[in-house]
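We did not get these values from a lab; they are worked out from the coordinates using the rules stated. As the structure is a prediction and not an experimental result, all values here were calculated from the model. Positions of Cβ are generated from backbone atoms using ideal geometry, with glycine treated the same way; all protein chains shown enter the neighbour counts.
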């Protein structure tokens, strides 16, 4: 179990809801009840948005559209046929999810702002349809006369009954959000979000995770939109407009992007804030802007961060150390044949073949731009070769995704350590271990102890010195119990003592049967521990043999030192 | 340690609860809340509404407060519920925006509060609610005036319609179409425009190429001025009969008098064009109070609010009294005489104004009185 | 001949949009943060022109051009304020916080203008005078030509500033690698604020250029930031050339497709085109200048 997210965090939202219930029953006027009802609707919307925007870290600008699609589904069905809430509500959720599922295929692979713009374009198209397809949507006027929620003959009229239904659904939404984003999955999403390139390399299917998050956000958005229509009794293009999206984004950032409590605070506060300021007359929105600015400047991670804090942890006293034999998946052989890859006209790989046996340590050297990292990327699926094949344990993985290749037993590290910020060393290794998909993954603490990291278990990885970060990354790679380990410049920036320790570690893993590929510049580091040394230049292998032979090879001297001297 | 989260939770809830304590419920005088859009894209018209209502209410014994409804039904309902909470409410000045009215009507029925508005959207009086009272000629009236003036007075046979893709625009376009068909001058060209659209040359060239002989606009203020300006620059050789936005002094202020020359428009009234003593007094008072020129929306809302005050003067003390008065009485306002047609349409007359190219004050060239036959 | 007129209008609109989009990219490159108050900065520039025009004597020649330096200066001050209040205090925090602080600034500007100037559309003086002249049967609008010339001059000035001056070199160094720039003794904070000032000044200039022909209302900001965002993303995040190309593309749709089909179709076609561009060139038309390194 990961302890990164406070396990008791649900106590606070529950307490808030309880106090709100007392307030709503005992003290609230009809106007107050209306605002609380709206807050409940927005809570569902924000909880949904947290999946894609918070946990998955993708700036989706379609959340308002899913809201609008849910709203129009309910509005159109209810005004045309009135089949009842039990029919329109699930259909609203379904329609929003369906649209999300359809657009996810082309859109989800886009990154950062390209994803944001694609979702924005989608939402603008939907708005255009709603405004101009007057026959279906009522055009800019929208559809009036949406009936109230009716379940089994009971009508949830305006005021408390409607408030109760909306908050019952909002409560369910909080439970679903909590269940979907338990501590383990929150940690996985943190890794996928903060270290997007590394995550697939230890078996994480980040595309699938994004897809799930997107669908969930749409389903919640659709539900919120449906309820919104019942609270206003009309549906109009404003529900699809950018204003809803801005409100949702603001609530999420002001409250908090990851926790149920954050959604609760954001939705409650920003539904009420403009209403509290109304007495300022025509300056009330100016005041709202000022308050928003101040809140975000003082609580950039959301107001929820002030209320709940993660419990502090201590390092365990003593740890059992893993045995190297338990860390190695036996008998995985890596065979690459005639790999080629070009980047913008430059041949980064030009017919490279390589054979790595279990228990063998192979070093790869070569000047900058020789294609070493590209080779590591192609072997692990991070980049795709244009021609040639890669076999892992006899299976052709040339066209496989990184997380699939990782699950076959290849682990790797990166030139710049790809460690997520905000997670402890233990959480990082634990997350990798869970995604390994191997029987009997090593005990996390025993593994950390094996890597010499026992003393820093509870520390956030982004606060560690460079050398230690590297070691954490190697430890994470080993957590998947790989048969093959590819280390990209592991010795860079390490002290001589750390280099020595790393060498010892590699040797003991190799002795236990792991094949290791070491990409590095540091000959002094490589020479004593490698069985073979490969030299690359301009995308080609120019020498391959025992370290001594390779280093004497004139082609190596020309490729490597010749270039360096010039 | 453990008390901290609970403390936080209490703070949040206390803050929410604060709003419950806010409204003070003293024994109120009679109250007329003014719910109008004073922010967002309709705040020009909404501010006219506010000013008209305010001018009528200031100095009366009736208390009032102004609540912004911005641009969405949601906020309009919030404002309504907040206002209705205050107690002593006998009628509500309700927003121009059609979508907001459609959301407020069922609520007004539930609270049994009469809504006094100048919204033109045809649909709001078709809902069968006894609580809607419209003090501006609806699209049914002004669009008939616009279509008839174009066809009967200017001899248009093949008119073109350019309208806004907003609630206002789509509602007016439907009425225009019906009226033109009835007058045997079906439109040869129609296009909807988003409010944000910048260059109107594309649509104007299509109007020219369509062989139209008159251009009927049904756009908001800015787009109307832009259409008039670009039509002149293009040398579009046909009369322009605009929607009521063209009568607003703010719209005329965007254009040079020469650009305005020959442009006509429908409207419920044109306070700055009127010469009668009463209207001059209103215009002067309005200028003094708000440092602005009044438009028909301000005058319509002024008249409507005055009629509610007349009901109170006649002894009305409850919303039901006011509703009955509005449903049955006849009120001589500044712009016209008002009387309900049974569905809450109070205004039945329209005027056509034209600019002469010399200044920005239009002349009333044609009055269409009692188009519905109610009076 | 109609085509010449339409093309000229599209170019003028595109030139103004290009100023907006390039201003947006300058802030982006200086901060890696999105400035959602940028649309309102354009509106503020328009209102600055409206307000300054009250001080101009009647019948003056080139009224808009005379106002340009004043609008640029006021907008630069606004940019400084946005940078100092909405960005600097949270520059080490998640970039999404900056979305909301700049959204907040946008709300403040839009509603502040609404409360002071009122909601009515306003018009700024024309750059060099109204009317047009005939050329081979087409009526070429003076204002359109002047908008294009002014935008080109401003962008030329910007190119000179960035390429040929010490300030520009420092600015570019900070955009590419703030850590290294700091190590070299460049005051990164100053450069960041300079980015806000220059970017917002360009937005303000666009506001002046647009506010004569197309008027300006306090609520116009949202649609302008939308256009800038589209232009910048389809052009390639962080690319100045791309932003200009994206802006011209938007204007061509607004004028060209609207002339061939209709305005709603033009709007829909633009968004479909955006989706297609992203589908086939996921990094924008001109590629991305800010690369993420593995």
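For this structure, a couple of remarks:
- Inter-part distance where region B:78-132 and region B:309-343 are each reduced to a Cα centre, Å: 16
- Shielding by partners, peptide C:102-110 (average Cβ within 10 angstrom, other chains): 6
- Förster-model FRET efficiency, 25 Å R0, residue B:318 and residue A:157, C-beta, rounded to 0.05: 0.60
- Degrees between helix A:425-434 axis and first principal axis of chain A (Cα, 0 to 90, nearest 10): 90
- Where the Cα pairs of the protein assembly as shown fall when distances are cut into 10 Å bins, in %: 2, 9, 16, 20, 19, 14, 9, 6, 4, 1, 0, 0
- Region B:74-117 - percent relative contact order, Cα under 8 Å, separation 6 or more: 47
- Mean silhouette area of chain A, derived from the convex hull of its C-alpha atoms and averaged over all directions, reads 30.4 nm².
- Most mobile listed residue (C:141, C:75, C:175) in chain C, GNM with C-alpha springs under 10 Å: C:141
- Under a Gaussian network description of chain C, with springs only between Cα atoms under 10 Å, the residue in C:222, C:153, C:247 that fluctuates furthest is C:153.
- Difference of contour (0.36 nm per residue) and Cα-Cα distance, residue A:180 to residue A:497: 109.7 nm
- Alpha-carbon centroid distance for the pair region B:168-224 / region A:402-420, whole angstrom: 61
- Note on residue B:367 and residue C:281: the model spin-label points, each 7 Å out from Cα along the C-beta direction, lie 6.4 nm apart.
- Computed from Cα atoms alone, the Kirkwood hydrodynamic radius reported for region A:324-565 is 18.0 Å.
- Relative contact order %, region C:2-219, counting alpha carbon pairs below 8 Å whose residues are six or more apart: 42
- FRET efficiency for residue A:357 and residue A:455, using Cβ-Cβ distance with R0 set to 35 Å, rounded to 0.05: 0.50
- Volume of the convex hull of region C:137-294 (Cα atoms only), normalised per residue: 149 Å³.
- Residue A:30-residue A:294 pseudo-label distance in nm [points 7 Å out on the Cα-to-Cβ vector]: 3.4
- With the simple model of a label 7 Å out from the Cα in the direction of the Cβ, residue B:154 to residue A:129 spans 3.8 nm.
- Beta bridges per DSSP with both ends in chain A, % antiparallel, nearest 5: 60
- Rounded to 10°, Cα long-axis angle of helix A:112-132 versus longest principal axis of chain A: 30
- Between B:122, B:174, B:84, the Gaussian network model of chain B with springs among Cα atoms under 10 angstrom shows the greatest mean-square fluctuation at B:174.
- Using alpha-carbon coordinates, inclination of helix B:296-313 to the longest axis of chain B, degrees: 40
- Paramagnetic label reach from residue C:134 (point 7 Å along Cα→Cβ; backbone nitrogen cut-off under 16 Å): within region B:200-234, residues B:233-234.
- For the peptide C:121-130, the mean number of other protein chain Cβ atoms found within 10 angstrom of a residue's Cβ is 3.
- For the pair region A:199-215 / region A:76-153, the C-alpha centres are spaced 26 Å from each other.
- Label point at residue C:56 placed 7 Å out along Cα→Cβ; residues across region B:214-234 whose backbone nitrogen lies under 16 Å: none
- Between the beta carbons of residue A:523 and residue C:184, assuming R0 = 30 Å, the FRET efficiency works out to 0.40 to the nearest 0.05.
- One equal scatterer on each Cα of chain C, no solvent, Debye formula: the resulting log10 I(q)/I(0) at q = 0.07, 0.11 Å⁻¹ is -0.26, -0.64.
- Across region A:324-565, Cα pairs under 8 Å and at least six residues apart give a relative contact order of 30 percent.
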